[in-house]
1. Which is modelled with pLDDT of 95 or more, buried (at least 16 other Cβ atoms within 10 Å of the Cβ) and under 27 Å from Leu2 (Cβ atoms), of Val284, Val248?
2. Within the stretch 1-27, take every residue that is closer than 18 Å to Asp242 by Cα and outside any helix (DSSP H, G or I) and give me the one that is farthest from the ligand (Cβ to nearest atom).
3. Given the criteria within 14 Å of the ligand (Cβ to nearest atom), over 26 Å from the mean Cα position of the chain (by Cα), more than 30 Å from Arg184 (Cβ to Cβ) and surrounded by 19 or more Cβ atoms within 10 Å (Cβ to Cβ), does Val63 qualify?
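The values are calculated or read from the model by the stated rules, or taken from the named source; none is laboratory data. Since we're looking at a predicted model, the values are computed, not measured. Don't worry about glycine lacking a Cβ; one is built from the backbone with ideal geometry, like all the others, and counts go over all protein chains shown.
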Amino acid sequence: MLQDQKRCETYREAILEAVRPGCSVLDIGAGTGILSLFAVQAGAQKVYAVERTSIAEFARQMVKINGAEEWVEVIQGEMETVELPEKVDVIVSELLGHLGVDENLLPPMLIARDRWLKPRGRILPGRVSTWMAPVEDKKMEQDLVFWRSRPYGMDLSLIAYAVAQEVHRRRKDIRMDHLLAEPRRLWTTDLYAHSTDKAHLPFQASLSFLATRQGSFSALAGWFCAEFDNRLILTNAPSAPDTHWGRVTFSLERPKKVHPGTEIMVEFTCESAGPSDTLSRWSVRVGEEPWEHHVQDKLAPGGEVQHMSKERKPQ
Ligand SMILES: C[S@@+](CC[C@H](N)C(=O)[O-])C[C@H]1O[C@@H](n2cnc3c(N)ncnc32)[C@H](O)[C@@H]1O
């Protein structure tokens, strides 16, 4: 993440613009403390760097090595429950998942906004939207063909089923020429205005695409667009310079032929599944064909959902 210069430079520019000398800043999910150090570069008088994991100790060392101990206080704890001695002028945070809100961005940000942001304080980023488009994903098509080809004389088609329920992240290979239709926005979250009561609600969207070209529709690709107040944008869109996020893809069971004007209907849901994790469901209909339904990490047709949250995955 720290080598992702697009990510780091966009945050740095936004922080240098928003943080005035003498400001107080809250860095939510400080990690190594990089955003807190940017705030010190901008002239912040006091920075509270809140981090839930033991990387907080590493952040303390980073702050010390960079001579910023006078200004940065690293606090190890959950943002939702930590106590600060004062309200702040600026909240900055990089809790962006591949779809923006899908690493539970909202609960810590909104609770911190309500408790610790001064009236007319700034939030970086201030708005996050989520986008999607149907794509031709030859790599996924080849994987599914392999699992269904009786490799080693075995029926491994169950793996094809499981792969088609997986959420495939960091897909830098998915670019504009893979798109089969104009992208559509699923939702926009205004971090200044979004109600804290709705922070944990599932995100849901119903979308209709019209194919703009002939091709084989094998996945949905998703990305986010994070806006900072001064119109700076950080995005992992297929049209933008690369970031470490790449695109996230949601596969179909089998590719479906589409032609210019073919209607593609999508129902998409993203719900909370643990402190930094979400569970996605996607249903797809092409023209008059029946709906095809997917649940993230469902391992077998008809079986129970065996979603493995990050917390339960073997290390
Ligand atoms: C994507 S990393 C970003 C780290 C750093 N801000 C940066 O930009 O490099 C997100 C960090 O937020 C922390 N985090 C997530 N939710 C949190 C919460 N509710 N309270 C405190 N820390 C949290 C995670 O442990 C992780 O270290």
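1. Numbers: Val284 fails: under 27 Å from Leu2 (Cβ atoms).
Exactly one residue qualifies, and that residue is Val248.
2. Of the stretch 1-27, the ones closer than 18 Å to Asp242 by Cα are 1-13.
Applying the additional criterion that residues be outside any helix (DSSP H, G or I) yields 1-4.
Numbers: Met1: 5, Leu2: 6, Gln3: 11, Asp4: 9 Å.
Result: Gln3.
3. Values: within 14 Å of the ligand (Cβ to nearest atom): yes; over 26 Å from the mean Cα position of the chain (by Cα): yes; more than 30 Å from Arg184 (Cβ to Cβ): yes; surrounded by 19 or more Cβ atoms within 10 Å (Cβ to Cβ): yes.
Against the criterion (within 14 Å of the ligand (Cβ to nearest atom), over 26 Å from the mean Cα position of the chain (by Cα), more than 30 Å from Arg184 (Cβ to Cβ) and surrounded by 19 or more Cβ atoms within 10 Å (Cβ to Cβ)), Val63 qualifies.
Listed here are the residues, each with its yes/no results for (1) aliphatic (A, V, I, L, M); (2) under 22 Å from Asn104 (Cβ atoms).
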{"site": "Ile159", "(1), (2)": "yes, no"}
{"site": "Gln165", "(1), (2)": "no, yes"}
{"site": "Asp177", "(1), (2)": "no, no"}
{"site": "Pro202", "(1), (2)": "no, yes"}
{"site": "Gly215", "(1), (2)": "no, no"}
{"site": "Leu220", "(1), (2)": "yes, yes"}
{"site": "Asp229", "(1), (2)": "no, no"}
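A quick yes/no check of all residues on (1) touching a Leu at 6+ places or on another chain (Cβ under 7 Å); (2) assigned to a strand (DSSP E or B); (3) under 19 Å from Ile123 (Cα atoms):
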| site | (1), (2), (3) |
| --- | --- |
| Arg185 | no, yes, no |
| His194 | yes, no, yes |
| Ala205 | yes, yes, no |
| Ser216 | no, yes, no |
| Phe224 | yes, yes, yes |
| Arg231 | no, no, yes |
| Ser239 | no, no, no |
| Ile264 | no, yes, no |
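Yes/no per residue for (1) of a type outside the set (Val, Ile, Thr); (2) part of a strand (DSSP E or B); (3) modelled with pLDDT under 95; (4) touching a Lys or Arg at 6+ places or on another chain (Cβ under 9 Å):
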residue	(1), (2), (3), (4)
Ile91	no, yes, no, yes
Val128	no, yes, no, no
Gln142	yes, no, no, no
Ser149	yes, no, no, no
Asp173	yes, no, no, yes
